[in-house]
Structure formats: C-alpha cells, structure tokens
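The values are calculated or read from the model by the stated rules, or taken from the named source; none is laboratory data. The shown structure was predicted, so the numbers you read here are calculated from the model rather than taken from an experiment. Here the Cβ positions follow ideal geometry from the backbone for every residue, glycine too, while neighbour counts run over all protein chains shown. Heads up: the accessible areas ignore ligands, DNA and RNA and are worked out on the full protein's heavy atoms, side chains in. Shrake-Rupley method; radii C 1.70, N 1.55, O 1.52, S 1.80 Å.
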Amino acid sequence: MPIDASNSMLNAIGAGTALIALCSAPALSSIVTRLSKRDAKQDTYEDGDGKATLESIKAYSAKLPKSLALTSAAAGLAMSIALLGVSPHTEGRLLTDSLGTGAWALLLFQAAAVASSRSSVQAYRLGIYTFFSAIVLGGILLAQGTETAERLLKSAPAAFALGVVELVCSVSLAISALCIPRRPDVFYQGELVDRMYTVSAFSRFTWSWPSGLLNLASKKKDLDLADLTRPDQYTRAAAVSADWKKLKTSGRRLWLSLVLAHKKPLALQWLATLAASVLNFAPQWVILQLLRFLETREPGKKQDIEAWMWVVWLGIVIIAQSWVESYVWWLAYSELQIPIRAQLSALIFEKSMRRKDVKGGERSKTKTSQEGDAEAAGPTTPSAAGVEEDDSEKLKKSKQSTVNLIGVDGKRVSDFCAYQNLLPGSLFKLVVSLVFLVDLLGWKPLLAGFSAMLAIMPVNIYFSKRYSDSQDRLMKVRDAKMEVVTEALQGIRQIKFSALEPEWEKKIGDVRERELSAVWSVFMNDTMLLACWVTSPILLSAISLAVYAALTGSLAPSVAFVSLGVFKGLEMTLSIVPELTTDLLDAWVSIKRIEQYLNSPEVETISKDADEVSFDNTSIAWPSDEEMDESERFVLRNINITFPKGELSVISGKTGTGKSLMLAAILGEVDVLGGTIYVPRAPPLSERHDSKANKGNWIIPEAIAYVAQIPWIENASIKENILFGLPYDEERYNKTVATCALKKDLEMLDDGENTEIGANGINLSGGQKWRVTLARAIYSRAGILVLDDIFSAVDAHVGRHIFEKCLNGELAVGRTRILVTHHVALCEPKTKYLVELGDGGVLHAGLLSELREEGTLQKIKSHEQTAEEVEADELATAANSDGSSVEEREQDGVDGNTLKKVTSKAPVARKFVEEETREQGHVKKHVYSTYLKDSGGFFFWIFALFVFLVVQGLNVGRSWWLKIWTGNYQEQAVHSQRIPNIPSVYGYSYADGVRQTSIHAMSAPAVGFQGTLVYYLGIYVALAVISSIIGTLKYLYIYFGSIRASRKLFAKLNFTILRTPIRWLDTVPVGRILNRYTADFNTIDSQLANSVSFGANSFLGLMAVIVAGLFVSPLIVLLAVILLLICLYYAIRYLNGARPVKRLESTTKSPVFEQFGSALTGVTTIRGFGKAQVYVERMYRKIDDYSTATWHLWLFNRWMGWRMSLVGSFFSSFVSILILLTPGIDSALAGFALAFALEFSSSVMWTIRLYANVELNMNAAERIIEYTELPTEALGGESPPAAWPTEGRIEVNDLVVAYAPDLPPVLKGLTFSINRNERIGVVGRTGAGKSSLTLALFRFLAARSGSIHVDGLDISKIKLHDLRSRLAIIPQDPVLFSGTIRSNLDPFNHHTDAELRDCLERVHLVTNPSSSHTSTTTTAAAAALPGDGSAANSVAPKNTNPFADLSSPVSEGGLNLSQGQRQLLCLARAIVSRPKVMVLDEATSAVDMHTDALIQRSIREEFGDATLLVIAHRLSTIADFDRVLVLSDGRVAEFGTPRELWEIPGGMFRAMCEESGERERLRGIVFGEGKMDE
C-alpha cells in the first residue's frame, strides 16, 4: 500500500474512532444518572400524545433487540482482538487495527448502556447513537477491505474471513440497535394514536408501521375512519392551535410566525434536501468509476475485487439516495403540510367565532367603501382589480371567500410549505452537477450546452407566465360556473314548474364552454412547458456531447452515458423552478389573505354588567370593518330604555326601522357610537356545568338565548337541534315541544323527533324552522330570551297558541323575554313594556299601562294594522281548522317533504340526507369503458398507444445510437492501444492514456474521422429533434381526448340532473350535486389527462429499461419479472389501502367546509347562546379526521415508495454484476444498460403512483357517471296544438296519486270539472291533498289511475315540457334568480319593456302616476329592505323604488327584496305569460295585510280571462269565488258555489266558516252583502 494511501486510511480510522467516542457520551451520562438515582421500572407511560393502557404496557417488550445488540458488540470485539493476532502487520496496519479494537470496546459499552436502561424512550435514543457508531465502524471496515481484501485473500485467508465476520457483526449491531421500540401504544380520548413515535427507529425510518393496517385493508377490501389511528400531538388540531397561542405571534407577519413555529422540521428538511442533492449524483459517479474500469480492462482478464466493490457501492448509494429522498417527502407532509393545514384551519375557524359579523350594514353608500369582508375581493387578489359588484353579491361572496380561506388558501400555503425545499434543492443540485460536469466534460462543452438551455429559458418563463394566467382565468370561470349551478339547483322547483330546463341547460352549458376553452388554453400552455421540458435535456446533451467530441476528438462511453444521466437529473430540477415560482406567488397571496382575516376586528365586550337589560343614551349601528362617517351608516340614536326583568317586552316598528339592530345590541353584535348598554354578564360555558343541570338549577338568569330573523338550523335531528348540547330532560323537552306547537309536526314525520334535518333546515317548511329554533331557545337554560319576529312565518292561530302557551306559559315564567314583532295587538294582553322604533330612534317607549293611559298605544297599533285586520289575521285559519300546527305543504310534500306520514315508526331514524356513498374496491370497468368511449373511442386510444410506443422507441434508439457512436471510438482506441501501460489509478491519468491512443487515430486520414463525427452527430441530433417533437405532440393528443370526454360527460350530467324527479332532488343535498359539477369535473378536466399520459409514459419507460437490459443478457428479463412480481405484490397492498383512504380523504373534507359554512351562517346564534367553544372543539375533531386521512395516504405512499426503491437498487446492482460476469461486454454497451437500469425504481414507482392516481381520478368519473345514469322524468309524448289551452277547461276523472310506489295514495279517486275562466278556491284541512292536486296537475306526481284533461287533452299523453310551459303556477315560496328585475320577469327576452312595466303596475309594485292613492305605501313597501336594519333609507328623505328600473339588481334567491315583494314579483312573472290556466298556492307567511290585499286585488283584476285555481289558507280569499272545492282525505267532499255550500246543513265548508271566528264577515262576502275590503 502506498504511504500516502495508508496515511489517509489512518486519518480516516482515527476520525471514525473519535466520532464513536463522541457517540458514547450520552451512554456514559445515562449510566451516571442511573447510578446516582435508582429509578424504578416504569409501570405507566404517558406523554403529549396520550396515555398507555395496562394492556399496551404488557404488550411492550424490547428484550430481543437489546440482547442481540449486546451479543453482536461482544462478538465484534472478539473478532477484532483475534484479527490483531492473525493478520500480517505492516507498520501502519498495527495502529489501524488497534484503533479498530478500541472502537469495538466503546461499542460494547454503548450496547450495555442500552440493555440496562429502564426507560423505553431513553433506550430508544441511546440505540440510535449506537446505530450511528456501528455504521461509522462498518464504513471504515468496508473501506479498509476494499484496499486490502485482494492481498489478504491470497496471503492470509483466515484474516480475510475474520474481517468479513467483523463487518457482519457491525451490521448486525447497527440493525438490532435500531429495532428497540420507543414506547407502548398510547391512546388519546380512548382512541389509538398514530404509532410513528411508538415503534422502533427501524420501523419508523422504513415506514413499516402501517403494515398492520394494509393487511386489514387487503382483508376487508376497504378501510373506515375508525380503522385509522388518530393524529399525534404534532398534528392534532387542538394541540397545534395551542402551540400557536404560546408563540406570542402578535406584531409579527404571519409567514414569519409560521416559519418560527415550524423551524425544526424546516431546518431538518433543508439539511436533508442538501444531502439528497449530493446523493442524487452519487449513482452516476459510481457508474463513471465502473465504466472507466471497464474501458481500461484488458479483454479476457479476470475481474479485480475493486470492480466488485464498485458494484456494492452502487447498491449502497442508490439505497441511501432513495431513503433520503423518501425522508424529505415524508418530512414535507407529516411535519409540515398536514400540521400547517390543521393549524391554519383551526386558527381561521377560531377567528370566525370571534370576528365581528360585518353584515354590510352600509348598503346605503354602496360603492364608496369596500364591503365588509374585504377578503372577498381584497386588493390582494388579482380578480378584484376594478371589478365593482353589487352588495348582495359581495355579501354572498364574503361568506364563500371565508370558507375558501380554509379550502383554497390554507391548502395552498400548507402545500407550498411542504415543497418549498425544492427551491434551495434546485440550487444545491445545480451547483453539485456543474462541479461534476466541469470535471467530466470540461467547461467549454458545458457552456455550449447551457447556452442552448438559456435560449430555451425565456420561452419557458413566457409560457409559465401564460400558464399561470390561464390558470387564474380558469379559476374565475369555475367560480362563475359554481354560481350558476348553485342557483339552478336551489331554484330547481321553480325551473321545473316553469319548464325552463332547456334554457337553464343552455345557460349552464354556455358557462361550461367558457370553462372548457379556459381548460384548453391551460392545456396549450402546459404543452409548451412540456415541450421545453422534453426538449431542453435533449438539446443540452446533444450540444455538449457534440462540442466535447469535436474538441477532444473522441467520446468515451463513461463520459457520454454518465453526462447524459447527469443532464437528465439536472433537467428535472430546472423545469420545476418556473412552476414553483408561480406556486410561491399563489401561496404569498393566500397567506396575505389569511393574515388579513386573522387581523380583522373582533367582537368586543360592549356592554356593562347589570341586573337588567337597559340602554343609557346609547347610539348603535351595524358593525363595520373600517372607520365610517355616521352619515354613511344606519344609526339608532339616543336610546334610553330599560327592559323589566322577568317580563315580556315588545319592540315594534315599520320594516327597516332597526328592530333587529336593537336585539343585536343586546347580544353585543353592534358598534356602540355613544352611551352605554347594560346587559347581565353570563357565566362562561366552562362554569355552567350543563351536564349536571337539573330542575332546581336549570335557569341561569344571566344567560341569553336568541332566535334569529332567519332561522339557523344544523344538519342534525330535530331533537338534537332543540337540545343544542344540553342534557335531555324528558319532562321539559315534552313541554317545550307542546308549547312550540311542534307536536303535530313530529307526529306527521316518519321518524318523529329523530327525523334528520338537512343543512339550514332544507326539508322543513318556514314555519317549522321557526318553531324548532324557538323550541331551542325555550328549552335552553337562558334567563333572557331575545326573539326576532317569531310570528311572521306561522299561521295566525299557531301564533296565538305560541303567544299564550309558550311566551307566557310555565316555561317562560320568570324569564326576561324581549320580542320583536308586528303583531302588537296580539301581544297586548300580556306585554309589560313596549318600544316603538322609527326615524332612526325610539318613537315611544314605556310600560304598557302608561302608554295606554297616554293614548300612545292606540297610535302604535294603528301604525301596525287595524284591529279588524288583526282579528281577521288571527282567526282566519279555517283552512287549517283542525288546530294542526303544520302548514299545509308539509304533509303534501310539495316542499321536499319526503318525510311523509307513513305508519312505520321505524326504530332507526331514516336519514333524510342519504349518506354519501363511498365506492369500494376497484373502479368498475363500466366507468373506464364509458370514459374511453366518450374521449374518442377505440381507434383514438390505439393510435395514442402507437404514438407513445414510437416516442419510447426513439428514446431507446437515441441511447443505442450513442452506444454505437462511443463504441466506434472505443474500437479505434482499442486497436491502436495494444500497450497496457495505462495507470489504473483513476482520475486524470486515464485521460492521458486516451490522449496517447488517440494520436494513432489522428494519424489516420483526418477526413474519415470528421465525416464520422458529422455522421454520428447528425443522426443523434435528428433522433433528438424527432423525439422531442413527437414527445410534445403526444400530450396534446391526449389533452384533446380529455376535453372531448369532459364535454360529453358534462352535457350528459347537466341534462340528467335538470330532469331528475323532484323527489330525488329533495333527498340529495345541493352540496353533493355541486360537488359533481365542480370538484369532480375539475379532476376530470385537469388531472385525469396528465395522470393517463404520464402513467403510460412511465409504464413504457419501465418496458424500455427491461429491453435495454436484454442487450446485456437475457437473464435480465427473468430478474425483471421476479422483481416486478415483488413490486406488484407491494403495489396491490398499497392500492388496497390507498384507495379507501383517498376516498375517505374526500369524504372527510366536506364536513370541515359544511361545519364552517354552517357556523358562519349561525355565528350570531352560536355566540348568543355562548356556544362558540363547543363549535371550535367540534371543528377540531373534523379537522383531525381530515388530517388522519391525508396522513395515512402519504404514509402508505412512503411505505410503497421506499420498498420500490429497494427493489430498484437490486435491479441496478444485478445489471452491473451481470456486466462484470459477461466477459466480452464493452463499456459502451455497459453504459447503455446501466443508464437505463438506474431508471428502474423510479419508473416502477411512478407507474404505480400514476396508476393509483388514474384510479382515484376515475373515482370522480365514477361519481359523475353514476349521476348521468339516474332515472329522469318522462321525456316522451305528443306535442299539443300551438295555441293549447285555448279555453282552460279542466276535467279530473277518478284520479289516484301517491308520492312513491311504496307509499299509500294521497288522492283517492278525485273527480270534478272546471269550466273556462272560472275562479275556483280549493280548501280542506291539513293533509287533505290540496297541494298534491297541483303536483298532479303539473305531473310531478304520476297518476296511478284516472286522468286529468285540459281542454280535452289528456295531460299524461303530452310532452312534460309543453304541459308545464303552458300552465302557470305561483308556488308557496317564491323563488327568484339573481340578475335583474327584467331577467326574472322575462328570462329569455320574449317581451318589451313596456309590457313588463305594465305587469309591474298591475301587481302594484310600481304606480302609474295617474292612480296615486296607493303610491306612497307601495313605494315605501317596495323599497324597504328586509330585516338587517340597513334601511338607512328610513332616515333618508325619499326612498327609491327598485322596481322603477327594470335593470335593478336582484340578489341570489331574491334576498334583497322583502318576502311580500318577492311574492308580488312572482305574480307579475305569471301575468307576463298570460296563461289560460293559473294555479296559486297561496302563501301564508310574511305578507302583511296591506300586501295581501294588493295580491288579492291583482288576482281579481288580472286573471279575468283565465281559469284560476287557488289553494287557500284564508277563507276570506276565496269566499267570493265562482265555486269552492272542499277536499277531505284525498276525495271531493263538497263542490259548488260558496252560497250553495253555506246552505248545506252540517257541511264541511259551513263548519270551517263557523270555526273561523270571522263568520259574520264571511257570510257577508258569500251572500254578496259586503265585498272584501281592499
């Protein structure tokens, strides 16, 4: 051994021993501590993650690894001592061997420390130090062996054998030290916590701990959430949120706080990235050595051990590289992405529970300020640039954009945190590869190559920019699509009633076309990026190698193939930089939006503690985000009132006078501009001890319960909504249900109190929603009830029942009740204190008795309604006279109440909202075939396969050509070289050899050589160019098919959903259908094509690897098959687990958004009840579910990835072994084979991962295809004559109708006929079948038998679309669509403005200057905005009438108009089309008397030449109609003129009139003595 070599070896061993000594320090300190204080054996175990149970402590054992470690260390020391005696010593050798023995002694000491440790965590930590020490020693032994092995094998075989055993001992020690489990299983809240910190280091760092779960998944072919372990303390939402609060983040920028909060994993990730960047090129370096070795070997000579050592090193570096890369990715997800996502979600939700609820109270000054939720379109988002939106849009968006903070922004930030390391990683890699390449090629060829790359760079940057712009455009179009679809789904009943499906189909289709064109532009730009990505490595390598060959006059295989490999690695690195930059910008925008939200103002305590609720010279306004002028907002000024404790107080006033504002002030949800508010201070939730509440201490006098103007109901059962988290007290609960008039409703519903309510109470009628929210307040423990307008949505007699039994019944005794209402007269008897608001302040306030004496009370009542009207209102209930509390439509199920009265009181409550189904196992073949068919069919895909094969062939061909080229040089070199004088120490001396040999080559005629360079290079470049062109076009081709499939599938889905039966639409939550339209299509549009094309690419790449290996030896095929079978085994296990977990991830994601959306809507109610903390904790649980699914998805991914890398490293090592074993192989072929062999593991891995992606993305296709195959309503039938119906005669013969085949009929043999232009009133008690009749007329319910004829045509024989478009209906709850007044009246522009104005006049929404007597009232009514007190208008001198201008905006659902205005607008819409048959399902809800009179008058005047069918709730409405149809239990009970029916003794109609309480008035109308008052 040369002197310098032995010196460097000595230095290396000395350094290694020092390292081992350092690693022994913790062992020493642990032994010292243990001796100083004798610790007992641990019987329990608990840490931040959770607590171990007795069973898990029993199950924990570390005896085996500890004893193995001791044995290995002892054996190693023995071998080392033996070696000292046996091996032949040179002068340096004795010293190195003694140092080795010293190192073994230290290792034995460490192993003893591990074995004797009592604490499992300490033993685990010491084991890791021992592992590192053993690895260092093993490395030294290996290096020593590489140098001396050959000599020893000849001279001292015994020493060689001992050396091998010693190496084995060090490996065995390293492994056993890693196998010590860290702790027993721990549980948190009774659930098993993830085992990452439980298992041994070996299991943890090879991702082996999910094996058990994967076995379970293979066994049951599915996984449920309950099977997965729960997040540990570093990912648990509650814990990461608490950590954040400890950080003291105030005053710091959010991104900085995030970096500081996660500094450890970030630093670790960067370090590992640096290591990965170096290791990335290690396999290439080893191959370089191997190829140089082959180039210099003399043919026929036996291999040196040195060559075999390189084979071993190749395996080691590949494993090391793949492990470090795996670890970097695991860090990225487990310690950055998932915890950060959980942390941000938790913080945003907590903030939303504390944030000021800015409602947009400043609507009067519309455009000047930015609307409340600035983040809706804050200056940060590009979309906000100069786009003005009307306020209702902004309000809607603000909620959506708040939900988006978790859905979009939080995800963007956490995703970017996961892979931000790629930016420094690219830089590290660039530096490492440049150093390597300069060493390999010299700087000139490299510069030439890079100049080509730089030329492509601007193109890349330009298209990256275009790509991100087109992505932004796509996002905007997607938002627009979402809005249109949401609106269509929410107004689907109206669309069906008016037969507008084709128009809406077109409307949605148009937005979809815009979306697809945006998707196409994304694809085009993506293709250009791919072109740069495909072309630049090809160009780089072609130019560099050409320049190198021209400069040196030769091209050795080692240079050619290694530089190719390095270029390839480098390319990947550089191509992601532009994409990362756009991701960085996105994340930056998102983090600023989140920061803005987290810094927005919060609700402060605005009131002082006192015994009573009182206002002392207070001025209040709706909350606002920014400082505003008082003149710009609606303010209630100088209020001085005191609500008496334990009594009923009433607040009244016209619409828009600030009644709700005053209630909000009591709840603390306003800005106080002056004065003081006094409200009793409720104890915090933690001190209420709700679980211990009993009769004696139920009421907490200071607590508040609130019933909002728009009732807020959760997706839970009715009972859970009423209990609202309180314990169940049967007696109190039953009383509550009875007093809130819910008893009848619960009896009507199949599942009674356990009936599940859809989100926002979708399957309850307006009145039921109110009564449920009222019951929640009554049941609660609150001593102060704040109630907003509870009488407007219930029938009058129900209102009276609630007033007497509920507001003044035993459950209300001693509670302070503050009630907003229009019905002062109704409340007068029991009211103690009355406030009337108006003109921006209090008009009158005082004890009722005082006001009565002053005569003010009379004045207040006259403002409301005349006593007679009130009387009428209360008592005109005859249509529902059986005292049922339920509005008619409930039973008849017109409103989606599929909860019909059926006898089955099943023990298990039926879900109203069906659970979303999760498919199990493979995606069905049918789905694939449908998708493939829609994207272009058989030939399309055959051609695609052909193109992909050609590309792959070109790739192999290019490398093969390089082999021929380099082999040619080598032959020239070999022929000329017969002189074995080349020093075998690698490095530059080899290049001298080449130089000497190439002189002979040069001496040949130069022309031939030049010709060959041009010839080889020309073909190489030609191959390169062709493959880059076809390589780019194949992506475009696939994109083309993808767009085609997307277009077809969407058209099918859209057609089907708009035409599914109404019953199906009622049982499926809108969100679920929306998901199909948005999320699932986003997957199909954007991701599926890429997964398919990249997947095919990697699969064919894998084939290419095997084909390339074939050239070396046919054995490779056998080997590849064996390894692929192993891979397949892992892949199948992986897919069995990943499939259900990916599906779980999508199903656990929705609850997070649903809860967030729901809580945002009900935030005032939640805070009013003091329940914010409950919701925060509930949110934590949902975030944890989501985290668990993502965690396991990545865990399985790493489990597979690491195992694939191992298999891949075997492949590369085997190929190199075969190369060494095959004597005649030249280095060119070896280089060719090895260049491909290195790709094996990544090809296998990507193939599997992308196959999984295709399958998971096909999951989206599966869900869409499931919906495209739903049954639709009957689409066939004949077309009726163009003018039909001309007269409007209706004949019903023996009609039998049921809601579903398995339900009993609701109409049982109905027969009657109606003449042209007759006005018919339909009355009957609740459940008589009134609404079912309208549904049958419009064929929403198919007749089981019998028929309906209109003008002699059987309606079941004609096309549905024709039938519904020729009849008109005004349903109970009017639905308007967002747009303008004009677009609502005449959505498809069939009429002139003059006609539309005329219709608005007819329904008294705008007044003709000539008839001014109603002018003042209507205009005021028309202008007042509902409820949110935003009618600062009332202070303004003159209100503008929104209906005066046809282009006035209407917000989604028409919510910027009052209920009465909506109803009148629907009436106008019906008048526009001038139908011959008109059905009016009369509304009972929030139309005040005045508006009601207007509607009645319009109906009388406008429908003179039409047949009118009115389903009446007030008898006075129809008392002067031509005839009245009385239904009872689905049959005709009476039918005749009102006078005839009145005269039937004991008749039903007469009885109803008698019971109604307005008998005399009705009698007058029936006998024509007194017309209806108008």
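Consider only pairs whose beta carbons are under 8 Å apart and that are at least six residues apart or on different chains; among these, list those whose first residue lies in the stretch 536-561 and is without any contact (Cβ under 8 Å) to a residue 60 or more places away in the chain and whose second residue is surrounded by 22 or more Cβ atoms within 10 Å (Cβ to Cβ) and among the aromatic types (Phe, Trp, Tyr).
The qualifying pairs are PRO537/PHE567.
Could you say which residue among LEU395, LEU440 is among the hydrophobic types (A, V, I, L, M, F, W, C) and either open to solvent by 20 Å² or more (accessible area, probe 1.4 Å) or modelled with pLDDT of 85 or more (or both)?
Result: LEU395 is the single residue among LEU395, LEU440 that is among the hydrophobic types (A, V, I, L, M, F, W, C) and either open to solvent by 20 Å² or more (accessible area, probe 1.4 Å) or modelled with pLDDT of 85 or more (or both).
Is it the case that the stretch 1259-1282 has a residue that's in contact (Cβ under 8 Å) with a residue 60 or more places away in the chain and under 17 Å from THR1507 (Cα atoms)?
no
Enumerate the pairs (first residue in the stretch 932-945 and in contact (Cβ under 8 Å) with a residue 60 or more places away in the chain and farther than 13 Å from ALA1096 by Cβ; second residue anywhere and surrounded by 11 or more Cβ atoms within 10 Å (Cβ to Cβ) and aliphatic (A, V, I, L, M)) with beta-carbon separation below 6 Å, excluding pairs fewer than 6 apart on the same chain, so at least 6 apart or on different chains.
ASP934/ALA1045; ASP934/LEU1049; SER935/ALA1045
Considering only the stretch 156-205, state which residues are without any contact (Cβ under 8 Å) to a residue 60 or more places away in the chain, open to solvent by less than 20 Å² (accessible area, probe 1.4 Å) and part of a loop (DSSP other than H, G, I, E, B).
THR198
Inside the stretch 677-689, can you point out the residues that are open to solvent by less than 30 Å² (accessible area, probe 1.4 Å) and either part of a helix (DSSP H, G or I) or over 18 Å from PHE1169 (Cβ atoms) (or both)?
ILE677
Among (1) exposed (fewer than 15 other Cβ atoms within 10 Å of the Cβ); (2) under 50 Å from the mean Cα position of the chain (by Cα); (3) at pLDDT below 90; (4) not in a loop (DSSP other than H, G, I, E, B), there is one condition CYS23 misses while meeting the rest; what is its number?
Condition (1) is where CYS23 drops out.
When ALA1533 is evaluated against the numbered criteria (1) modelled with pLDDT of 85 or more; (2) surrounded by 22 or more Cβ atoms within 10 Å (Cβ to Cβ); (3) closer than 12 Å to ARG1325 by Cα, which criterion, by number, is the only one it fails?
(2)
Among the residues in the stretch 631-643, are any over 24 Å from THR821 (Cα atoms) and out of contact with any Asp or Glu (no Cβ under 7 Å at 6 or more places or on another chain)?
Yes - at least one qualifying residue is present in the stretch 631-643.
Is it the case, given these coordinates, that ALA115 is surrounded by fewer than 22 Cβ atoms within 10 Å (Cβ to Cβ) and assigned to a helix (DSSP H, G or I)?
Against the criterion (surrounded by fewer than 22 Cβ atoms within 10 Å (Cβ to Cβ) and assigned to a helix (DSSP H, G or I)), ALA115 qualifies.
If you check every pair at least six apart or on different chains, which have Cβ atoms under 7 Å apart with a residue in the stretch 1374-1390 that is in contact (Cβ under 8 Å) with a residue 24 or more places away in the chain and under 14 Å from LEU1457 (Cβ atoms) first and a residue that is among the β-branched types (Val, Ile, Thr) and open to solvent by less than 10 Å² (accessible area, probe 1.4 Å) second?
LEU1376/VAL1450; SER1378/VAL1450; GLY1379/VAL1450; THR1380/VAL1450; ILE1381/VAL1450; ASN1384/VAL1450
Please go through the stretch 826-845 and give me each residue that is over 16 Å from THR816 (Cα atoms), open to solvent by 20 Å² or more (accessible area, probe 1.4 Å) and not acidic (Asp, Glu), ordered by number.
PRO829, VAL842, LEU843, HIS844, ALA845
Within the stretch 224-331, which helices (runs of 4 or more DSSP H) (wholly inside it) include 2 or more residues that are under 25 Å from the mean Cα position of the chain (by Cα) and over 30 Å from GLN144 (Cβ atoms)?
Output list reads 237-246, 254-261, 305-331.
Of all residues being at pLDDT 80 or above and aliphatic (A, V, I, L, M) in the stretch 1371-1402, which is most open to solvent (accessible area, probe 1.4 Å)? Just the residue, please.
If we take residues in the stretch 1371-1402 being at pLDDT 80 or above and aliphatic (A, V, I, L, M), then ALA1394 is most open to solvent (accessible area, probe 1.4 Å).
Suppose we filter the stretch 1208-1228 for residues that are open to solvent by less than 20 Å² (accessible area, probe 1.4 Å) and more than 30 Å from TYR1130 (Cβ to Cβ); how many remain?
Residues meeting the conditions: 3.
Does the stretch 1080-1100 contain at least one residue that is over 30 Å from PHE523 (Cα atoms), open to solvent by 20 Å² or more (accessible area, probe 1.4 Å) and hydrophobic (A, V, I, L, M, F, W, C)?
no
Yes or no, residue by residue, for (1) modelled with pLDDT of 75 or more; (2) in a helix (DSSP H, G or I); (3) open to solvent by less than 20 Å² (accessible area, probe 1.4 Å); (4) touching a helix residue (DSSP H, G or I) at 6+ places or on another chain (Cβ under 8 Å):
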{"site": "VAL547", "(1), (2), (3), (4)": "yes, yes, no, yes"}
{"site": "LEU555", "(1), (2), (3), (4)": "yes, no, yes, yes"}
{"site": "VAL559", "(1), (2), (3), (4)": "yes, yes, yes, yes"}
{"site": "VAL562", "(1), (2), (3), (4)": "yes, yes, yes, yes"}
{"site": "PHE567", "(1), (2), (3), (4)": "yes, yes, yes, yes"}
{"site": "THR573", "(1), (2), (3), (4)": "no, yes, yes, yes"}
{"site": "THR582", "(1), (2), (3), (4)": "yes, yes, no, yes"}
{"site": "ASP586", "(1), (2), (3), (4)": "yes, yes, no, yes"}
{"site": "SER590", "(1), (2), (3), (4)": "yes, yes, yes, yes"}
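Return the residue satisfying two criteria in turn: it lies in the stretch 26-65 and is open to solvent by less than 40 Å² (accessible area, probe 1.4 Å) and among the charged types (D, E, K, R), and of such residues it is modelled with the lowest pLDDT.
ARG34
Determine, yes or no, whether SER1113 is touching a residue at least 12 places away in the same chain (Cβ under 8 Å) and more than 28 Å from the chain's Cα centre (by Cα).
yes
Just give me the residues in the stretch 792-839 being assigned to a loop (DSSP other than H, G, I, E, B), in contact with a strand residue (DSSP E or B) (Cβ under 9 Å, 6 or more places away or on another chain) and at pLDDT below 85, in sequence order.
Scanning the stretch 792-839 gives HIS822, HIS823.
Residues in the stretch 648-655: is at least one among the aliphatic types (A, V, I, L, M), assigned to a helix (DSSP H, G or I) and modelled with pLDDT of 90 or more?
No: the stretch 648-655 contains no residue that is among the aliphatic types (A, V, I, L, M), assigned to a helix (DSSP H, G or I) and modelled with pLDDT of 90 or more.
Scan the stretch 656-668 residue by residue and report those that are buried (at least 24 other Cβ atoms within 10 Å of the Cβ) and in a loop (DSSP other than H, G, I, E, B).
Once the filter is applied, which keeps residues that are buried (at least 24 other Cβ atoms within 10 Å of the Cβ) and in a loop (DSSP other than H, G, I, E, B), the stretch 656-668 yields GLY656, THR657, GLY658.
Looking only at residues in the stretch 1148-1207 that are among the basic types (Lys, Arg) and within 30 Å of VAL317 (Cα to Cα), which one is least open to solvent (accessible area, probe 1.4 Å)?
Here the answer is ARG1198.
It is to be established whether one or more residues within the stretch 854-866 are surrounded by 21 or more Cβ atoms within 10 Å (Cβ to Cβ), within 47 Å of the chain's Cα centre (by Cα) and at pLDDT below 90.
The answer is no, given that none of the residues of the stretch 854-866 is surrounded by 21 or more Cβ atoms within 10 Å (Cβ to Cβ), within 47 Å of the chain's Cα centre (by Cα) and at pLDDT below 90.
Within the bounds of the stretch 693-700, is there any residue that is among the hydrophobic types (A, V, I, L, M, F, W, C), in a strand (DSSP E or B) and closer than 15 Å to ARG815 by Cα?
Yes; the residues of the stretch 693-700 include at least one that is among the hydrophobic types (A, V, I, L, M, F, W, C), in a strand (DSSP E or B) and closer than 15 Å to ARG815 by Cα.
Considering only residues that are farther than 13 Å from TRP255 by Cβ, assigned to a helix (DSSP H, G or I) and open to solvent by less than 10 Å² (accessible area, probe 1.4 Å), which ones fall in the stretch 407-422?
Passing the criteria: GLY410, ALA418.
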